[in-house]
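Participant: Shown below is the structure under consideration.
The values are calculated or read from the model by the stated rules, or taken from the named source; none is laboratory data. Just so you know, these numbers come straight off a predicted model, no measurement behind them. Ideal geometry is used to build each Cβ from the backbone, glycine not excepted, and the neighbour counts take in all protein chains shown. Accessible surface areas use protein heavy atoms only, side chains included; no ligands, DNA or RNA. Shrake-Rupley method; radii C 1.70, N 1.55, O 1.52, S 1.80 Å.
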Amino acid sequence: MRIPIIAGNWKMNTTLAEAIKLVSEMRDELDAIANVDKVICPPFISLAAVGELIKGSSISLGAQNLYFEEKGAYTGEISPLMLAELGEFVIVGHSERRQYFNETGDIVNKKIRAALKVGLKPILCIGEKPAENEAGRTKVVLAEQLSLSLADIDLAGSLIIAYEPIWAIGTGRAASGKEANETIEFIRQNISQLYNKEIAQRVRILYGGSVNATNANEFIQQPEIDGALIGGASLKPEQFLSITRQASEISRL
Ligand code: 13P
């Protein structure tokens, strides 16, 4: 039985004051929702303050990125050790990082390794570009992303995967539940080949891309989908709470 995860990726939104306001608005209600792991990923500069506000609650904190070295002369970077002190999760290899910051499979691999080493739980994002999808190359692309990202990584620690088709991110054009379920089933088979059946059954795989309170149910109820990674709707308390409640209802069944 895999416990669903609803994770909010706030991306580059919210000032410190806005982050404090946003988390304060949903903290108590979010805390009260059972049977689902709730994760919020604010920008780096708000992690400490948001962490204080959710201390003692059932809400977990995640970062949106990390650097793979632990310390040193890497101006502007944030190390896994710094994050491990503050939160539990870290998003790695988001398509926006791959696209705008030239993150390659090798870099993503190093970041996952660095996160696992300090006990952070990586949320590895994979997903195909619109043209790759149209050309029927989705599975080839995902298999390659998985093998590069996870090369020589021992999965004794906790890994979460988020399947986020790039054509569905921030576009309002989500995949269908059935389509996402099939692709996630393929990802799980791939994990089974790279590792083994037991690990594949344990890894939680989320869907991300234009998930909102109206369509969330379509994804969460699918047998292979273990929750959602949410961008835009995670900045709206009533949306994020509604999605989390829906996941809780399904998980209870
Ligand atoms: P949207 O929910 O805004 O489409 O973003 C999805 C995403 O990229 C989450 O990481």
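Participant: Determine if the stretch 140-155 includes at least one residue that is open to solvent by 50 Å² or more (accessible area, probe 1.4 Å), away from the ligand (no atom under 16 Å from the Cβ) and among the β-branched types (V, I, T).
Facilitator: yes
Participant: Further question on the same structure: Say we look at the stretch 85-120 and pick out the residues that are in a helix (DSSP H, G or I) and among the β-branched types (V, I, T); which of these is nearest to L47 (Cα to Cα)?
Facilitator: I112
Participant: Could you please let me know if E52 is in a helix (DSSP H, G or I), out of contact with any Gly (no Cβ under 6 Å at 6 or more places or on another chain) and either at pLDDT 95 or above or of a type outside the set (D, E) (or both)?
Facilitator: It is true that E52 is in a helix (DSSP H, G or I), out of contact with any Gly (no Cβ under 6 Å at 6 or more places or on another chain) and either at pLDDT 95 or above or of a type outside the set (D, E) (or both).
Participant: Still on this structure: Just checking, does the stretch 195-202 include any residue being within 16 Å of the ligand (Cβ to nearest atom) and closer than 17 Å to S251 by Cα?
Facilitator: no
Participant: Looking only at the stretch 140-192, which residues are within 28 Å of G232 (Cβ to Cβ), part of a loop (DSSP other than H, G, I, E, B) and without any contact (Cβ under 8 Å) to a residue 60 or more places away in the chain?
Facilitator: Within the stretch 140-192, S158, L159, P165, T171, G172, R173, A174, A175, S176 meet the criteria.
Participant: On to the next question. Residues E179, E164: which one is of a type outside the set (A, V, I, L, M), at negative phi, within 16 Å of the ligand (Cβ to nearest atom) and in contact with a helix residue (DSSP H, G or I) (Cβ under 7 Å, 6 or more places away or on another chain)?
Facilitator: Numbers: E179 fails: in contact with a helix residue (DSSP H, G or I) (Cβ under 7 Å, 6 or more places away or on another chain).
Going through E179, E164 in turn, the sole match is E164.
Participant: When you look at P237, is it open to solvent by 50 Å² or more (accessible area, probe 1.4 Å) and modelled with pLDDT of 95 or more, yes or no? Break it down into steps so the answer makes sense when it comes.
Facilitator: Working: open to solvent by 50 Å² or more (accessible area, probe 1.4 Å): no; modelled with pLDDT of 95 or more: yes.
Judged against the criteria, P237 is not a match.
Participant: Go through the stretch 222-243 and report how many residues are more than 11 Å from the ligand (Cβ to nearest atom), in contact with a helix residue (DSSP H, G or I) (Cβ under 8 Å, 6 or more places away or on another chain) and not in a loop (DSSP other than H, G, I, E, B).
Facilitator: Within the stretch 222-243, residues that are more than 11 Å from the ligand (Cβ to nearest atom), in contact with a helix residue (DSSP H, G or I) (Cβ under 8 Å, 6 or more places away or on another chain) and not in a loop (DSSP other than H, G, I, E, B) number 4.
Participant: Let me ask something else about it. Given (1) more than 15 Å from the ligand (Cβ to nearest atom); (2) farther than 18 Å from I33 by Cβ; (3) out of contact with any strand residue (DSSP E or B) (no Cβ under 8 Å at 6 or more places or on another chain), identify the lone condition not met by E249.
Facilitator: Only one criterion in (1) more than 15 Å from the ligand (Cβ to nearest atom); (2) farther than 18 Å from I33 by Cβ; (3) out of contact with any strand residue (DSSP E or B) (no Cβ under 8 Å at 6 or more places or on another chain) is unmet by E249, namely (2).
Participant: Provide a single number: the residues in the stretch 164-180 that are surrounded by 19 or more Cβ atoms within 10 Å (Cβ to Cβ) and either under 12 Å from V203 (Cβ atoms) or of a type in the set (D, E, K, R) (or both).
Facilitator: 1
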